[in-house]
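Input: a single structure, listed below in structure tokens.
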Amino acid sequence: MYRGSKGICIAICEPMAAWYRSSGYLWSPMGSSSAPTLNARVLIVDDDPEWGEALRLVFSSDDAACELAANARAALELVAEGDFDAVICDVRMDGMDGLELLDRVKKIKPALPVVMITGAGRVADAVSAIKRGAFEYVTKPCDTQELRTLVVDAIGDKRRRASDASTRSTRPPSRARSGELVGAGTAMRALAASIERIAASSAPVLIRGETGVGKELAARAIHARGDRRDRPFVAVNTAAVNDDLFESEVFGHVRGAFTGAAQTRKGLLTEADGGTLFLDEIGDMPMSMQAKLLRVLQFGEVRPVGSDRVHFVDVRVIAATHRDPLALMREGRFREDLYFRLNVLPLVVPPLRERREDIPALAAHFLEEARQRASLSPVRSISDEALRTLTAAPWPGNVRELASAIERAVVFSSDDALDLQHVSAIPKSNDASVPWWVPPNDEPPWTLKRLNDAYVKWVLGQTGGDKHRCAEILGIDLSTLYRWQRAQNDGRIPSEPTTG
């Protein structure tokens, strides 16, 4: 079976009854006690009367209604006039074929599931049907119970989408979820212009930027402005998924594939079919999975764990990382071919310190969001003095750090306006009289080791965790930086640096 992107269409090329007579499969048209419940209205399209009648018997029961159409044009009239839950259609028919019918059904009713069945070996038909919006493509021989279950799943997916859309319409989405960008400074305008151009394409995107700059927001903005806006946006932090579970999480698994796999799981790629898959922190993806992701980018192939079948997905992949991919490739931690496949449309999100003119607008935005979460807080505004302090702060944690600072101030303040006292703990980038490495008055002088540890951590923070860039700034070899970090963990004073 092959997963398509938008609906369900089953294409049938030979008389079904003849196949059943020769296949040896046991077939009960009305199903058994374990048969899934359709409770739906299904349209079957086939120019072979015997084959169409066989399909009608498979999908007819006391809780489902089937209608037959002898050709594609008759089917179009029924679709336009009726309210069907799924369409089952032959690919090879006289006159208008099944693929052209699929195109027209999708124009009339885009959400209508359409499933295709054909003889084995017609991969070209499968790929074409998937690209045009087929939900699944089934090749013969196939088990009728499995086929019926597939249609039930597709109808259920259609109804869930309709329910989710109704729920979403009752409440406005957050600006972050809707992909709305905040800020109108020079850097932000340039970023917005790049996002608009990238959204017009379906090519892979690689977003780079320091931790906390809003890389996922940029990805959502691309999705919201493209043709896939009405399809799923699925995000996964690759650094947060256990290596042993990564393949199952992304590619899915079949029941019994491994210990604990009690149920079949679609996987994120299949969930994102027709939409966008956002892979955050791609630089931390296991090497073993990088080759499999490459196959998805090249051919749309997905093979769930434990399955001997490959299905196809239509997914736009947007990846993001705060690391330097070129440095990772030099270290042997990132595949060169994957980098060039992902870096088709590069996008760099600037750090907050490079777009300070956006801080007032961001602060007002985060204030409003924080007030919604802390409805009892009296805070309603930010004073000019506090705003100047926020604008001058270094913000090594970027937009995420600013949002957290506003959230804390709103929660803990008992005044109606945030003043200097509420943001006084934020370090000021223009305060050169007291360097950050000088300990507080109530502490004794720092040891050399503590000073070295603090400075290395600070530089790592400034580079967004990029150790190669950190080593360059410190003037040491990368191996020395690793040795220093091991020494920090062991409680030893690091040896003198080796200049790079």
Exposure ranking of TYR482, TYR455, TYR137, TYR339 by accessible area [1.4 Å probe, largest first]: TYR455, TYR482, TYR339, TYR137
Order by protection proxy (mean Cβ within 10 Å, highest first), peptides 51-59, 182-190, 396-404, 273-281: 273-281, 51-59, 396-404, 182-190
Principal axis dimensions, largest first and in whole angstrom, of segment 236-307 by Cα: 30, 25, 18
Rough spin-label spacing in nm, given labels placed 7 Å along Cα→Cβ, for GLN372 and ARG73: 5.3
Cα centroid of segment 195-217 to Cα centroid of segment 363-389, whole Å: 28
Fraction of accessible area attributable to carbon and sulfur, segment 187-312 (%, probe 1.4 Å): 46
FRET efficiency, ARG483 to THR447 (Cβ-Cβ, R0 30 Å, nearest 0.05): 0.95
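The values are calculated or read from the model by the stated rules, or taken from the named source; none is laboratory data. Computed from a predicted structure; not experimentally measured. Here Cβ is always computed from backbone atoms with ideal geometry, including for glycine, and neighbour counts include all displayed protein chains. Quick note on the areas: whole protein, heavy atoms, side chains included, nothing else; ligands and nucleic acids left out. Shrake-Rupley method; radii C 1.70, N 1.55, O 1.52, S 1.80 Å.
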